[in-house]
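The values are calculated or read from the model by the stated rules, or taken from the named source; none is laboratory data. This is a predicted model, so every value here is computed, not measured. Cβ sites come from the backbone with ideal geometry, for glycine too, and all protein chains shown count toward neighbours.
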Amino acid sequence: MQVTIKIARYTLLDLLYNRVTLFYTLFLMGVSLVVFNLDDNVSKGILSLVNIILLIVPLVSIVFATIHMYNSAEFIELLLARPIQRTRILFGHFVGISTALSTAFLIGIGLPVLLYAPSATGITLIAAGWMLTLSFVSIAMLASVSTRDKARGIGIAILLWFLFTMIYDGFVLWILFAFNDYPLEKPVLVLTALNPVDLARIVLLLRIDISAFMGYTGALYKDYFGTAKGMIITTSVLLCWIIIPMLLAVRRFKSRDI
Amino acid sequence: MIRIRDLKKSFGKLQVLRGISLEMHAGQVVALIGPNASGKTTLLKCILGMVVPDSGVIEFGGKPVNKEVSYRKHIGYMPQIGRYPENMRVRQVVNMMTDLYPNGADMDTELAEAFYLQEMDQKFMRTLSGGSRQKVSAVLAFLFDVPVLILDEPTAGLDPVSAEVLRQKILREREKGKLIIISSHVLSELEGIATDILYIADGQVKTYQPIAELLKETGTNHTREAIIEIMNRHAGNH
């Protein structure tokens with residue numbers, strides 16, 4: 001455990017050094033301040049932030065984490081000849097990168113939201129964005145250990161982001177459309193749960209309660225995700241999206257040649 | 001100290017190690033030689049757990065190494081190409097490795113001092129020349145007083161003075177009865193250091209015997225000539 005934390009600390013120091021985290025924080029903060037000051041209506045500001053959280057946050061998290069993993073190849077190689085378990089090396093990096101990106105998110109978006117919109121909706125927004133950050137870092141870990149080639153690894157990361165934010169939703173819509181003669185509520189519910197971004201989107205939009213913006217995928221499950229039970233399930237699924245890719249990455253990393 | 005049984009490893013279709021079995025003991029200085037791409041570095045990386053073998057057993061101090069990593073605290077490793085975090089200073093890298101070492105074994109700063117490492121202490125790794133990097137690698141390998149040293153092409157890229165410093169250091173460690181494995185193409189640098197020759201070709205052990213025996217067998221006085229003799233002998237069998 002101690003070694004994991006040490007590795008996390010070195011990763012974090014390295015990240016602070018390259019300043020991308022700082023720009024990311026400033027960018028998020030700038031956007032938050034602009035949307036909250038543009039209109040007196042706080043809900044509108046929150047709604048604008050939802051789009052940032054659903055698109056930009058996953059993109060930055062996955063690409064940044066993947067690039068960082070490839071840039072740490074030397075550091076990882078150095079650690080591997082030492083009596084340090086591979087699991088710890090990977091977890092150390094996960095914790096380090098997550099800490100950097102979470103801090104950026106919590107300062108950049110969390111702080112303004114708490115100042116301008118300190119409501120249950122605001123809290124949900126922060127929680128959802130934070131969990132998305134963690135799950136996309138986790139997915140990035142998997143992407144980065146799956147191939148040795150940096151360009152291919154970043155390509156995979158961007159493709160995954162594209163899949164989760166756009167392609168997947170289109171796919172679900174297509175299923176709804178193609179099989180609209182059948183009772184689809186349950187299967188589509190499950191399908192949605194398989195995508196962290198969709199899940200976060202539904203939870204957020206239900207909270208904000210602007211049904212006009214919900215679109216097809218959202219409208220179906222107001223009854224379901226609005227309940228406490230729905231919230232618990234959503235949170236658990238998002239947690240799975242943080243844990244499972246990371247565990248797969250560890251498994252892959254353990255049997256990898258350096 | 002190290003026992004390897006029927007070690008096999010392929011990278012895709014390429015069979016790099018085809019069943020290597022051998023034993024190494026404290027006090028030996030094993031010169032690992034062989035043509036390019038014969039599997040030398042792969043063998044060393046298998047011992048270090050950096051490459052996961054397809055089959056076979058590696059035992060360190062009587063225990064198989066595939067699950068437990070703690071055996072690595074007894075090994076100092078100098079890679080063929082030292083790759084380091086580019087944004088760190090030399091001092092930071094050395095401190096980090098010290099910090100990450102469990103239960104801090106006895107430090108050995110002799111080589112760091114001999115290489116005047118303090119002079120490049122504050123330089124960034126990315127600004128270092130190949131030779132300077134090699135010095136950092138050597139310092140890290142010898143940083144702790146450990147019973148086993150694995151040196152992969154240790155003097156490649158070092159200037160003659162530094163190479164001699166390293167050679168003297170290896171000799172002193174040999175006196176302490178350590179097991180030292182040196183992979184090298186520079187045959188003259190093995191002269192007077194190595195006690196055994198391990199010749200690998202096509203992923204198999206071709207020759208593994210004490211130098212004294214080998215000199216007698218080949219009728220020469222120099223390690224260098226004896227090695228060339230073995231290489232020629234096996235070149236005929238290809």
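Determine, yes or no, whether A:Lys44 is in a helix (DSSP H, G or I), surrounded by fewer than 21 Cβ atoms within 10 Å (Cβ to Cβ), more than 14 Å from chain B (Cβ to nearest Cβ) and among the charged types (D, E, K, R).
Judged against the criteria, A:Lys44 is a match.
Please list, ordered by residue number, the strands (runs of 3 or more DSSP E) wholly in the stretch B:1-117 having 1 or more residues that are touching a residue at least 24 places away in the same chain (Cβ under 8 Å), within 9 Å of another protein chain (Cβ to nearest Cβ) and within 15 Å of the chain's Cα centre (by Cα). Talk me through it step by step, then tell me what you get.
Details: elements: B:2-11, B:14-24, B:29-33, B:55-60, B:75-78.
Once the strands (runs of 3 or more DSSP E) in the stretch B:1-117 are filtered for at least 1 residues that are touching a residue at least 24 places away in the same chain (Cβ under 8 Å), within 9 Å of another protein chain (Cβ to nearest Cβ) and within 15 Å of the chain's Cα centre (by Cα), what remains is B:75-78.
Any residue in the stretch B:119-137 that is more than 22 Å from B:Thr98 (Cα to Cα) and touching a strand residue (DSSP E or B) at 6+ places or on another chain (Cβ under 7 Å)?
No: zero hits.
Which of the residues that make up the stretch A:172-217 are within 25 Å of the chain's Cα centre (by Cα), at pLDDT 75 or above and not in a helix (DSSP H, G or I)?
A:Leu194, A:Asn195, listed by residue number.
Looking at A:Gly45, A:Gly92, A:Gly110, A:Gly30 in this structure, which one is of a type in the set (Gly, Ala, Ser) and within 17 Å of the chain's Cα centre (by Cα)? Explain how you work it out, then say what you get.
Details: A:Gly45 fails: within 17 Å of the chain's Cα centre (by Cα); A:Gly92 fails: within 17 Å of the chain's Cα centre (by Cα); A:Gly30 fails: within 17 Å of the chain's Cα centre (by Cα).
Testing whether each residue is of a type in the set (Gly, Ala, Ser) and within 17 Å of the chain's Cα centre (by Cα) leaves just A:Gly110.
Test B:Leu187 against the stated conditions and say whether it is surrounded by 18 or more Cβ atoms within 10 Å (Cβ to Cβ) and either farther than 23 Å from A:Phe75 by Cα or more than 14 Å from chain A (Cβ to nearest Cβ) (or both).
Yes; evaluated as a whole, the condition is true for this residue.
Any chance the stretch A:5-13 includes a residue that's among the aliphatic types (A, V, I, L, M), out of contact with any His (no Cβ under 8 Å at 6 or more places or on another chain) and within 12 Å of chain B (Cβ to nearest Cβ)? Please lay out each step first, then the result.
At the first step, the residues of the stretch A:5-13 found to be among the aliphatic types (A, V, I, L, M) are A:5, A:7-8, A:12-13.
Remaining after also requiring out of contact with any His (no Cβ under 8 Å at 6 or more places or on another chain): A:5, A:12-13.
From the residues that got through so far, the ones that are within 12 Å of chain B (Cβ to nearest Cβ) too are A:5, A:13.
Yes, the stretch A:5-13 contains a residue that is among the aliphatic types (A, V, I, L, M), out of contact with any His (no Cβ under 8 Å at 6 or more places or on another chain) and within 12 Å of chain B (Cβ to nearest Cβ).
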